[in-house]
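Participant: Just passing along the structure, written as structure tokens.
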Amino acid sequence: MMNALVFPTPADAAQGCAGALRALIDQAIAERGIARVAVSGGSTPKLMFDALARMELDWRKIDWFWVDERCVPPDHELSNYAMTARHLFDPAGVPPDRIHRVRGELPPDEALEAYLDEIARVFESPYPEFDAVQLGLGADAHTASLFPGEPRIEEIGGVAAAVHVEKLDQWRVTLLPEALFAARARLVLATGADKASAVSRIAYDLLNPLELPGQLLLAPGAPSVFYLDEAAAADLERQ
Ligand code: 6PG
């Protein structure tokens, strides 16, 4: 079952998701002294990062990682790091030593190894337990960089992988289901009419995460909260 919160506009959904992320960060800092978060890229999180940057947070105590990154240099227009820096790190003044980016400028297998090393260093374990993971959803129902047909979706074990996305002819480094499931919380932000079909398909179609990777986010042992605007929720039945 999908746990969805529906907001009137994309800005409202972004604000709702930012507020929830902030509460999870505050809770992690209160309980463990540090918060470890993995965020997504693409375009949808921009408004959420803008909202988060305006909030009072203890930026020295938050470690930032990525759910997925495109294998491009950090100043490239497709870099998820660059987008996050513009919308969150620069305006909020996040200390650089708290930013654990995927080194997309390296060959994909080296970027993956470096990212796994960084995760193991910061978590003092190869198996990360993020306090919160923020995900998105593609119009084709992909989440993270787990696109329909990606065999790693069904693989048990593994924290992250370098994957070649055929339809974009692009290499990416992505967290794998095990790392997403191990997180203490998952927030999914999806807005806009182009996401409506993917949202309803993952909610109502027969379970087949290999073809509908977003269904991973409905796993009963690791449920997610979806932050949707009305356009993205248009094909969900009203409760
Ligand atoms: C990425 C993302 C990806 C994203 C979806 C939605 O690097 O592309 O992390 O998984 O969440 O593709 O992207 P949009 O927000 O651009 O629609």
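The values are calculated or read from the model by the stated rules, or taken from the named source; none is laboratory data. Remember, it's a predicted structure, so these values are computed and weren't measured experimentally. A quick note on method: Cβ atoms are made from the backbone with ideal geometry, for glycine too, and the neighbour counts reach across all protein chains shown. Ligands, DNA and RNA are stripped out before the accessible areas are found, and what is left, the full protein with its side chains, is counted by its heavy atoms. Shrake-Rupley method; radii C 1.70, N 1.55, O 1.52, S 1.80 Å.
Participant: Condition test on Leu116, is it more than 14 Å from the ligand (Cβ to nearest atom), within 19 Å of the chain's Cα centre (by Cα) and open to solvent by less than 30 Å² (accessible area, probe 1.4 Å)?
Facilitator: no
Participant: Moving on to the next point. Answer yes or no as to whether Gly192 is surrounded by fewer than 24 Cβ atoms within 10 Å (Cβ to Cβ), within 13 Å of the ligand (Cβ to nearest atom) and touching a residue at least 60 places away in the same chain (Cβ under 8 Å).
Facilitator: Considered against the rule, which asks whether it is surrounded by fewer than 24 Cβ atoms within 10 Å (Cβ to Cβ), within 13 Å of the ligand (Cβ to nearest atom) and touching a residue at least 60 places away in the same chain (Cβ under 8 Å), Gly192 comes out as yes.
Participant: Another question, if that's okay. Name every residue in region 175-231 that is of a type in the set (Gly, Ala, Ser) and in a helix (DSSP H, G or I), in order of residue number.
Facilitator: Ala179, Ala182, Ala193, Ala196, Ser197, Ala198, Ser200, Ala203, Gly214
Participant: Can you tell me which of Ala20, Ala11 is of a type in the set (A, V, I, L, M) and touching a residue at least 60 places away in the same chain (Cβ under 8 Å)? Write out each step before concluding.
Facilitator: Details: Ala11 fails: touching a residue at least 60 places away in the same chain (Cβ under 8 Å).
After applying the criteria, what remains is Ala20.
Participant: The conditions are (1) within 16 Å of the ligand (Cβ to nearest atom); (2) closer than 23 Å to Pro213 by Cα; (3) open to solvent by 20 Å² or more (accessible area, probe 1.4 Å), and Gly158 fails exactly one of them. Which is it?
Facilitator: Among (1) within 16 Å of the ligand (Cβ to nearest atom); (2) closer than 23 Å to Pro213 by Cα; (3) open to solvent by 20 Å² or more (accessible area, probe 1.4 Å), Gly158 violates only (1).
Participant: Can you say whether Ala203 is within 14 Å of the ligand (Cβ to nearest atom), in contact with an Asp or Glu (Cβ under 9 Å, 6 or more places away or on another chain) and open to solvent by 10 Å² or more (accessible area, probe 1.4 Å), as far as the supplied structure shows?
Facilitator: no
Participant: Name the residues in region 32-67 that are of a type in the set (Asp, Glu) and open to solvent by less than 10 Å² (accessible area, probe 1.4 Å), would you?
Facilitator: Passing the criteria: only Asp63.
Participant: Being closer than 17 Å to Leu187 by Cβ and in a strand (DSSP E or B), is that true of even one residue in region 77-91?
Facilitator: The answer is no; no qualifying residue exists.
Participant: Return yes or no: is Leu116 touching a residue at least 40 places away in the same chain (Cβ under 8 Å) and of a type in the set (A, V, I, L, M)?
Facilitator: yes
Participant: Being in a strand (DSSP E or B), in contact with a Leu (Cβ under 7 Å, 6 or more places away or on another chain), small (Gly, Ala, Ser) and open to solvent by less than 30 Å² (accessible area, probe 1.4 Å) is the requirement here; does Ala141 meet it?
Facilitator: Spelling it out, it is not the case that Ala141 is in a strand (DSSP E or B), in contact with a Leu (Cβ under 7 Å, 6 or more places away or on another chain), small (Gly, Ala, Ser) and open to solvent by less than 30 Å² (accessible area, probe 1.4 Å).
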